[in-house]
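To start, the structure itself, in C-alpha cells.
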Amino acid sequence: MIYLGVSMRDKESSIKKLQKKLYAKKDVLRHEGRKHFTRVPDSTVADDWKDEEVKTKKQEEEKKPKKKMTVFTKILIASVGFFLLSVLAAFYVFSSGQNTVQHDRVGVSILGPNTIGGGEPLLFDVIVTNDNQVDIRLTDIIVTYPEGSFAADEDGVGLSKEIRPIDSIQAGTQTREKFGAVLFGQEGEAKDIKITYEYRVPDSNAILYKERVYQVKLESSPLSMNITHPKETLSGENIEMSIEIVSNANKPIENLFLHVEYPFGFDYQEADPVPEQDRTDLFGLGTLAVGGSKTVKIIGTINGQDDEQRVFRHRIGLFNPTTSEIENTLSTDQSVVAISKPPVTLTSTLNNRDALIHVIEPGSNIRINNILQNNLATQIFDAEVSAILAGNVFDEQRLRTDGYYNSNTNNLLWQKSDVTGLGTIESGASVEFFADVLLLTSAQMAGAVTDPTIDVQYVVGGQTFDFENNQKSVSIKKNTKIKIPTVLTLENRVLHSIGPFENNGPLTPTVGETSEYTISWKLNNTTSELKDAIMTTTLPPYVEYVQAQQIENGTFSYNQQNRQITWKLPEIAAGAGYSTAAPTVSFQVRVTPSLSQVDSPLDLTQDRSLRGFDTFSETLRIINDTEKDTTRLLRLDPSYKSGNGNVITGG
C-alpha cells in the first residue's frame, strides 16, 4: 500500500497547481486508477479553512486592556434597577389590598325598631363601618323617607329626604348617626326607608355608594274612624251618615282630608262641613289636634232594587295640592247599607221637582204634590199621611191644602175623611193630595231670621193583611228640606255737598264747567252669610276717577287700563244693613259736560255686577244691575233744590 503525506507548507502550492489544471485549455487531467492512502491521525489534521489574519487580529485584541465603566453608566443602571423594584413593590401592595378601598369592606347597618305605632316618633341609628386599611373621605348618609313622613322634632314639618355629611371615616373604625321621623299610614302597612351611603376614595373623583332598605311596620293607625249609619234603608229614602275622625297620634296632623267614594245609585244632597269646591266627595278637615276629633255628616238618598247592597268607602289621608288628591292614606273603612223595598212609596214634588233639598226664593208660592203608592200584593186601608212643617218662615194664614193644617203644631194631616182614596188603596194603586205654602219675603225675614229653612217631615201609616189573613201595620218616613237663600241688595247715592270728600264745581252739571261728585255704595244682606263678594262697574270715557275712601274690610281698586272699579269683600254678615252694620264705600269722580249732553242726565258709571256665595243655600248669588249711578240721584243731596240732574248750559 502506498500512503500519501501532505504537509502544511505544501498546502498553498498544491491548491494552486490544482487550480491551474482546472482552468487549463487542454485536458491535462488524467484518469488514474484508484490508489490507497495511508491513514492520517486526527491530531495531525489542521483547520486549513481559517484565515490566519483574522486569527492574528483576535489575538491582538485579547491582549489589549479592558475599558472601565463610567459614572453615568453606573447611575443609569441603578435607576433602572430602582424602578423595577418600585414596580414590583407597588404590584405587591395593590394586589394585597393594602392601599385600596374594597367595596365589600364598607358596611352599612341600621339599628332601630321593626314596628312602631303610626304617628309615634321613630328613632334609629345608621352605622357605617370602614374595614379597609385606608381612610374614606367626603362621605354622606342620605335617608329617603316614605310619603307621609314628618320631622320628629318639629310639628307639622314634612320630611322626604335628609342628607347628613360626614367628613371622613378612618381606617378600621365606624361612625354612628342618629335619625328620627314620624310615620303615618294604615295599620299593618310596611314603610320602607332607603339609606344610601356615598363615599370617595383617595386620588379619585368617583362616587361610590351602598344602599340599605330599613322596613318598619305600623302597629296602629294614627287615626280611627267611627261611622254611624242605618244598616238598612228603603229605595229613595233619606239616609244620614256620620263619620267621626279621632286622632291617636302624639302630634297634630295637618292638611288632613276625607274622601268618600259613593256607591252607584247614591244621590248626594248636603253635608256638614261642606265639601271642597266642585266636589261632593272630598272634605277638608284642616289640622287635627292631639286627641282631637272631627265629624262629617253626609245626607243623601239611595236608589236600587230590593235586597241590593251599597258600599261606601272612606279614606283619610294627607292632601297633595298639586294633584288635588289624597296621596298618603292614613286610615280606610267602609260602610254597607242594604236596600229593602218599602210597602208604600211616597213621592213628594215641590213645584214639580222631586229632590231631597230644594232652594226656593223668598216670597215664592210652593205647590207640594204628594203621591202615595201601594207596593204590596194586598190592600192597604185606613192610610194617613202627616207632614210637620218645621220652620216659621211661611205665611200660615195663606196655607191651603186638601187635608187639615194644625197651626198650633205646624202639622199637615191627610186622612180618609179628607182624601177618600186613603180609605182603601188597592195593590199597585196610588192616591194624590197636595198643599200650597207661601214663603215670607226677604224684607219680612231680614235681620230677624238667619238661615231660613223648612223641614218637611213625613210619616206614612196604614193597615194591611198578610197571606195568612193576619192584620199588620205598615209605615215609612221621609224628609224634605226647603232652603231659602239670602238676598243681596245695593243702595247707591250721588252726592255733592256732603260725603267724605270736598267736591268742587257746580252741583248741577254744566257745559264747560268741571264738577266733582261722590258716589256712595252700601250693601245689604238679608238672612245668610255671603263669602267672596265682589262688585264691579266701569267708568264712561268722559268720567275721570279721582280717589276712594279707605275701607277696613275688603279691597277697593281702580284699573286705568280698562277703567274698571272693583270692590271685594271676603264676607258679608247675615242681616247686614238690617240688624248689623252694612259694608259701605265712597269714591270721587270728576266730569266736564259737553253740549252733546245738554238736557240729559250724566251716567257716572256703567252697568254694575254684584255676586257672592251663599254659604247656607250653597248657591252663587248674582245681581246684574243695569241701573247706573247718574246725576239724577243728586236729588238725594241736601243742597239739591230743583231740576232733575240734567246737564244745563252755562250763563
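Go over the candidates 641, 628 one by one and state the one that is of a type in the set (Lys, Arg) and either under 30 Å from residue 268 (Cα atoms) or open to solvent by less than 70 Å² (accessible area, probe 1.4 Å) (or both). Every option except 628 fails the conditions.
Of everything listed in (1) part of a strand (DSSP E or B); (2) more than 19 Å from residue 459 (Cα to Cα); (3) open to solvent by less than 70 Å² (accessible area, probe 1.4 Å), the single unmet condition for residue 323 is (1).
If you filter region 509-528 down to residues that are open to solvent by 50 Å² or more (accessible area, probe 1.4 Å) and either closer than 25 Å to residue 650 by Cα or modelled with pLDDT of 95 or more (or both), you find that the one that is nearest to the chain's Cα centre (by Cα) is 514. Can you name the residue in region 601-625 that is buried (at least 16 other Cβ atoms within 10 Å of the Cβ) and of a type in the set (Gly, Ala, Ser) and is also nearest to residue 271 (Cα to Cα) among such residues? Filtering first and then ranking leaves 617. Filter region 371-424 down to residues that are part of a strand (DSSP E or B) and of a type in the set (Val, Ile, Thr) and give me whichever is nearest to residue 438 (Cα to Cα). Checking each candidate, the answer is 401. Would it be correct to say that residue 392 is open to solvent by 40 Å² or more (accessible area, probe 1.4 Å), of a type in the set (S, T, N, Q) and within 19 Å of residue 481 (Cβ to Cβ)? In short, yes. Residues that are within 35 Å of the chain's Cα centre (by Cα) and either among the hydrophobic types (A, V, I, L, M, F, W, C) or closer than 15 Å to residue 519 by Cβ (or both) within region 535-556 comprise 535, 536, 556, listed in sequence order.
Just wondering, is there one or more residues in region 418-436 that are within 30 Å of residue 525 (Cα to Cα) and over 46 Å from the mean Cα position of the chain (by Cα)? So far as region 418-436 goes, yes, one or more of its residues are within 30 Å of residue 525 (Cα to Cα) and over 46 Å from the mean Cα position of the chain (by Cα). The residues listed here are 255, 250; of these, the one that is in a loop (DSSP other than H, G, I, E, B) and touching a residue at least 60 places away in the same chain (Cβ under 8 Å) is 250.
Note on region 286-306: among residues that are open to solvent by 10 Å² or more (accessible area, probe 1.4 Å) and among the aliphatic types (A, V, I, L, M), the one that is farthest from the chain's Cα centre (by Cα) is 299.
Yes/no per residue for (1) of a type in the set (D, E, K, R); (2) surrounded by 13 or more Cβ atoms within 10 Å (Cβ to Cβ); (3) without any contact (Cβ under 8 Å) to a residue 60 or more places away in the chain:
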{"residue": "132", "(1), (2), (3)": "no, yes, yes"}
{"residue": "140", "(1), (2), (3)": "yes, yes, yes"}
{"residue": "143", "(1), (2), (3)": "no, yes, yes"}
{"residue": "149", "(1), (2), (3)": "no, yes, yes"}
{"residue": "153", "(1), (2), (3)": "yes, no, yes"}
{"residue": "162", "(1), (2), (3)": "yes, yes, yes"}
{"residue": "179", "(1), (2), (3)": "no, yes, yes"}
{"residue": "182", "(1), (2), (3)": "no, yes, no"}
{"residue": "185", "(1), (2), (3)": "no, yes, no"}
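Within region 263-272, restricting attention to residues that are assigned to a loop (DSSP other than H, G, I, E, B) and open to solvent by less than 50 Å² (accessible area, probe 1.4 Å), the residue that is farthest from residue 310 (Cα to Cα) is 265.
Rundown of residues vs (1) without any contact (Cβ under 8 Å) to a residue 60 or more places away in the chain; (2) open to solvent by 30 Å² or more (accessible area, probe 1.4 Å), yes/no style:
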residue	(1), (2)
204	yes, yes
213	yes, yes
216	no, no
219	no, yes
222	no, no
227	no, yes
230	no, yes
237	no, yes
242	yes, no
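The set of residues in region 464-480 that are open to solvent by 50 Å² or more (accessible area, probe 1.4 Å) and assigned to a strand (DSSP E or B) comprises 465, 471, 472, 473, 475, 477, 479. Annotation: of all residues in region 572-600 being among the hydroxyl-bearing types (Ser, Thr, Tyr) and open to solvent by 60 Å² or more (accessible area, probe 1.4 Å), the one that is nearest to residue 553 (Cα to Cα) is 584.
Scanning region 326-343 for residues that are open to solvent by less than 10 Å² (accessible area, probe 1.4 Å) and hydrophobic (A, V, I, L, M, F, W, C), which turns out modelled with the lowest pLDDT? That would be 330. What tally of residues in region 558-571 results from selecting those that are within 33 Å of the chain's Cα centre (by Cα) and either surrounded by fewer than 11 Cβ atoms within 10 Å (Cβ to Cβ) or not basic (Lys, Arg) (or both)? Residues in region 558-571 being within 33 Å of the chain's Cα centre (by Cα) and either surrounded by fewer than 11 Cβ atoms within 10 Å (Cβ to Cβ) or not basic (Lys, Arg) (or both): 5 in total.
The values are calculated or read from the model by the stated rules, or taken from the named source; none is laboratory data. Since we're looking at a predicted model, the values are computed, not measured. Cβ atoms come from the backbone with ideal geometry, glycine included; neighbour counts cover every protein chain shown. Just the protein is used for accessible areas: all its heavy atoms, side chains included, with ligands, DNA and RNA removed. Shrake-Rupley method; radii C 1.70, N 1.55, O 1.52, S 1.80 Å.
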